[in-house]
Amino acid sequence: MSTNISKQKREDLLAKIKEIRTFISAAPQDENTGNLLSYLSELEKDVNGKKYGLVFEEHREEIDKVLDTHTPVLTEDEELFIDNGGQMNFLIEGDNIASLKLLEKTHKGKIDLIYIDPPYNTGNQDFIYNDEYISSDDLFKHSQWLSFMEKRLRFAKSLLKSNGCIFMSIDNNEFAQLKLLSDKVFGDENFVTSIHVEMSATQGMKVKAAKQGNIVKNGEFILVYKMDGTKNVGKTLLIDPVKYDAHYNSFLVKEGICYSEISLSEAVSKDSSIINALQLLGFLDKKNRLPNKNIADAYDKCDAFRDWVNCNAESICRTHDTISIDEEQKRKMTINKVYNYSSDSRDYLICKNEKNEVYQRILLSEKLSVADDFYNTYGPTRIRGDWWAGFYLDMGNISKEGNVEFANGKKPKRLIKQIVKFASKSKSDIILDFFAGSGTTGHAIMELNSEDEGNRKFILCTSNENNICKDVTYKRLSGVINKEDYKASLKYYKIEYIPVSERMYYEYADELLHHIRELVELENGVNFTNNAEIAIVLTEEELDGFVANIEDFSRCKKLYMGHDLLPTEEQAEAMSLHEIEVNIIPDYYYRDLQEG
């Protein structure tokens, strides 16, 4: 039988504390002895405390100081409202602690799925704490990150449904710390798995590093935790149905020693041998072209197209990232002239574009051989475990996803779609991302809804550091809604703060009243602006005006009414006569302030 040495040391220390307490208790009692006995009790409590888990220095953020004296509220930027039918989604600009604090009022226990991609704390200006970047040599870099994350994860837990779950992207820098922190917050019994995602291939400079004896980084992780009431995280099989990377959408036509580039769609439209097959299966548009979004399905489901792609593999490619070519090679190159370049056992086509910039294309032949192996082994789909291979193929074209630049790195849209499709329990789930970044989560959800006629809704929260929320997140979401005509609407809220310290509730209650509308919209997924079917009244004057002009609200079907309003018998009868459903706005939005 093993001996618990730590337990023995703890019991010895407690015995010594007991002796000191006995000695002090026997001495004449005064204020000093009382303090000493109190100190001993604190020491005893600390010694008896938790002996396994994560221990770190707690830190306060600037937002903590703001929230000590202010309460956050939401204000809509109505000029940025997008009304395109479908589900109502929300983008919140501001510190995500403040956003989560407000969401706890409107969505406590209501969120089905959370996905976050927090700062990785690499020391390379990716994590700001109290307006300063945390460097790799900061002695408290881990504890500051953990303090930052713990508060946000506790809010996340309170927001999730009893059968909800959370997916968290992370890399080696904070993987171990996040695992222990999440065990503490969600309970280690609710840990589901650690997914390994292949985000890069060993190529280019990584080959050189590997030859020098280094183990190069190819993957990242996604930690998955469930709530107590969750039996199975996924509703469906976790599969990878993509056998063809739709980024391979360029076709090289050789003319002598030079190449010209046309789209894959154009190349397909010129080959009558596969047009009928694709048309019968519904993959072509009205102009007999194959849209990029249909390429993967066509490859998977149309034998004729798959055969055509295999026969033309040497001509099909995708534009890839700029690579380092030495000066001698550059001097040999001319615009549109193609060279083979094999630094890592893969075949590349190296070209110069019209700006005389060197870029590369990866030949499709290698990708197809992998895809065919999977297809022959697993059939039309492949069941995934915790090893998610192949996402490095998305990374080569990720800068173009959503048509926005994002220096801190995007996650592939296909990755987020896979998570949402697998983990959302229904097609009407609410998904939250409070590290929204470039808005990939929102984009993925809208695309998935379009594909499976879903009605999932998203709430995205992000700061506006360097105008990211408006210039990147909103720009991407609005752009894809307009371009793809997604049936989705979007409200843009900003976090503002009302001072409450040294003020009685009644002194600022009217200020809070001006921000109730946004909370009602957020909680119920509705829009009051220019919406004749719903209305809101928060004061007796507004109620009197609504009923007095009720004939002007002939299309109104639902009225949201403040909890402290009491309609007269005549007013109640008028609303009933016009078949207006009355919803009482809860008093819990700011109850904590009233009680304080």
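Here are some notes:
- In this rough spin-label picture, where each label sits 7 Å from Cα along the Cβ direction, the Glu62-Lys483 distance is 3.4 nm.
- Cross-link pairs exceeding 25 Å between alpha carbons, from the set Lys475/Lys558; Lys65/Lys494; Lys110/Lys417: Lys475/Lys558.
- Low-density loop cleavage sites - trypsin sites (Lys or Arg not before Pro) in region 26-55, where at most 13 other Cβ are within 10 Å (DSSP): Lys50, Lys51
- Rounded, prolate or oblate (a/c below 1.5 giving rounded, otherwise prolate when a/b exceeds b/c) for region 530-595 by Cα gyration tensor: prolate
- Counted residue by residue at 0.36 nm each, then reduced by the alpha carbon distance between them, the extension gain from Thr529 to Asp587 reaches 18.6 nm.
- Highest-first arrangement of 15-28, 476-489, 282-295, 56-69, where packing means the average Cβ count within 10 Å: 476-489, 282-295, 56-69, 15-28
- Label-to-label distance for Ile215 and Asp564 is 6.2 nm, based on points extended 7 Å past Cα in the beta-carbon direction.
- Mean Cβ count within 10 Å, highest first, over the residues of peptides 111-121, 31-41: 111-121, 31-41
- Loop-resident sites, region 418-464, for GluC sites (Glu not before Pro), counting at most 15 other Cβ within 10 Å (DSSP): Glu453
- Each label point was placed 7 Å from the Cα along the Cα-to-Cβ direction; for Leu43 and Ser200 their separation is 5.2 nm.
- Between the beta carbons of Ala15 and Ile262, assuming R0 = 60 Å, the FRET efficiency works out to 0.10 to the nearest 0.05.
- Förster-model FRET efficiency, 35 Å R0, Asp552 and Lys301, C-beta, rounded to 0.05: 0.05
- Centroid-to-centroid separation of region 520-588 and region 423-439 [C-alpha atoms, Å]: 31
- Note on Asn455 and Ser576: the extension gain reaches 40.4 nm, defined as 0.36 nm multiplied by sequence separation minus the Cα-Cα distance.
We did not get these values from a lab; they are worked out from the coordinates using the rules stated. All of these numbers come straight from a predicted model, not from anything done at the bench. Please note: Cβ atoms are built from the backbone with ideal geometry, for glycine as well, and neighbour counts cover all protein chains shown.
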